[in-house]
Amino acid sequence: MGILKEHITTMDKDSLRAQMTTLQNLFTNALDFRATHSKDDLTKSKEVEDEILNALQSLVMRLSEVSFRPMFLKLYNWATRESEQKERLLTFYQMTDMFAEKMKSIFTLFAGHMIKNCAELLDSCNKNKSNELLFDDAKCNLLLQSVLSTLHKVFLYDKEGFVTKERFDVLMMPLLDQVENTTLGDEEYKTMITTQLTPCVAQMMASAQDTGCWQPLNYQLLLKTRNSDPKVRFAALVMLEEIHRQLGEEFLTLLPETLPFLSELLEDESTDVEIQCQKVIGELENTLGEPLQKYF
């Protein structure tokens with residue numbers, strides 16, 4: 001793959017154009033490594049896929065928007081419409097994570113094709129939403145990481161109004177319901193909440209074209225603070241804190257519905273939840289410029 005990458009990098013445009021079909025077929029076959037040879041060895045799959053994706057990146061970065069679109073759609077169909085090879089989804093979203101990072105705002109021109117699939121996959125890797133998970137816990141965790149990281153980068157680099165109300169609504173509950181996906185394991189859940197889910201949801205809020213989307217998401221998140229599991233209540237507060245940080249003063253429009261929930265959490269049976277609630281209140285007071293104690 002290193003030799004192929006070097007060859008692609010040095011090819012002139014006419015030669016690259018002439019070899020596009022051959023190169024696309026080569027990479028499609030190579031990307032099937034996980035599905036055909038290494039389903040149960042996640043470490044080996046990642047090592048090989050990293051080499052393939054590194055070479056693929058050299059090709060993608062030389063393509064125009066017109067040339068990249070059919071290639072991306074072909075790969076999307078390869079991963080999502082041939083269900084007998086569901087392992088391809090793991091490979092595809094590792095790939096989109098790379099595309100989103102390298103192509104930045106340009107990738108938002110193509111990312112709309114996969115939003116519905118992202119929402120479906122989030123639910124299919126959540127035991128609270130699916131009777132039968134798409135994969136075992138390790139693979140579900142890997143897929144969640146890739147999907148959430150891809151979405152976060154798409155929202156982060158969006159300059160064209162990608163987060164429409166329609167897309168926001170499709171993703172809102174599948175994302176928020178991950179807050180209750182505690183069956184991942186304690187460490188995996190904590191990592192998912194702090195480094196993947198929270199940045200993703202907060203950035204989606206900040207990038208939304210229609211600020212009218214904020215209230216429904218905020219309210220649904222607040223309802224998670226009434227979950228019987230203190231881990232979920234704590235996670236919901238962590239997310240609320242980051243959303244406030246992203247929106248700044250604009251979050252104050254959501255304050256009236258937020259305060260009653262915070263009042264309840266100040267008396268939570270979990271010390272960690274109570275401390276996190278006090279932290280959120282302190283940050284809200286800094287934004288508001290006055291104490292909130294009188295509202296409790």
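Some points to look at:
- Options Leu221, Asn128, Ser207, ranked by Cα towards positive dipole end of the chain, top entry (Cβ charges): Ser207
- Net lengthening on full extension, Asp32/Asn286 (0.36 nm per residue, minus Cα-Cα): 86.2 nm
- Here the dipole of the chain is about 1140 debye; that uses its Cα centre as origin and unit charges on the Cβ of Lys and Arg (positive) and Asp and Glu (negative).
- In summary, the convex hull built on the alpha carbon positions of segment 202-257 has an orientation-averaged projected area of 3.6 nm².
- Ratio of the Cα radius of gyration of the chain to 2.2 N^0.38 Å, where N counts its residues: 1.12
- For segment 1-99: accessible area per residue (Å², 1.4 Å): 53
- Taking all protein chains into account, the per residue accessible area for segment 161-296 stands at 45 Å² (1.4 Å probe).
- About its Cα centre, the dipole of segment 52-208 is roughly 660 debye, where the only charges are +1 on Lys and Arg Cβ and -1 on Asp and Glu Cβ.
- Measuring against 27 Å, Cα to Cα, the residue pairs Lys139/Lys190; Lys44/Lys129; Lys86/Lys129 contain Lys44/Lys129 as the ones spanning a longer distance.
- Pairwise centroid distance, computed over Cα atoms, of segment 237-296 with segment 10-78, Å: 46
- Accessible surface of the chain, 1.4 Å probe, proportion on carbon and sulfur as whole %: 48
- Net length gained if the chain between Ser67 and Arg17 were fully extended (0.36 nm per residue, minus Cα distance): 17.1 nm
- Solution diffusion estimate, µm²/s, Stokes-Einstein, segment 106-166, Kirkwood Rh from C-alpha pairs, 10 °C, viscosity 1.306 mPa s: 127
- For segment 192-282, the dipole from Cβ point charges (+1 on Lys and Arg, -1 on Asp and Glu) about the Cα centre works out to 220 debye, to the nearest 20.
- Degrees separating the helix 230-247 axis from the principal Cα axis of the chain, which is the longest one: 80
- The accessible area of Leu134, taken with all protein chains in place and a 1.4 Å probe, comes to roughly 40 Å².
- Coil-residue trypsin sites (Lys or Arg not before Pro) of segment 111-184, DSSP, other Cβ within 10 Å capped at 14: Lys159
- In the chain, taking the dipole from charged Cβ atoms about the Cα centre, the farthest positive-side position among Ile275, Leu16, Tyr189 is held by Leu16.
- Using all pairs of distinct alpha-carbon atoms, the Kirkwood hydrodynamic radius of segment 159-252 works out to 13.4 angstrom.
- For segment 1-99, fraction of C-alpha pairs farther apart than 22 Å, in %: 27
- In degrees, nearest ten, helix 42-60 long axis to first principal axis of the chain (Cα): 70
The values are calculated or read from the model by the stated rules, or taken from the named source; none is laboratory data. Quick caveat: nothing in here was measured; it's all calculated off a predicted structure. Here the Cβ is made from the backbone with ideal geometry for all residues, glycine too, and neighbour counts use every protein chain on show. Surface areas here come from the heavy atoms of the whole protein model, side chains and all, with no ligands, DNA or RNA. Shrake-Rupley method; radii C 1.70, N 1.55, O 1.52, S 1.80 Å.
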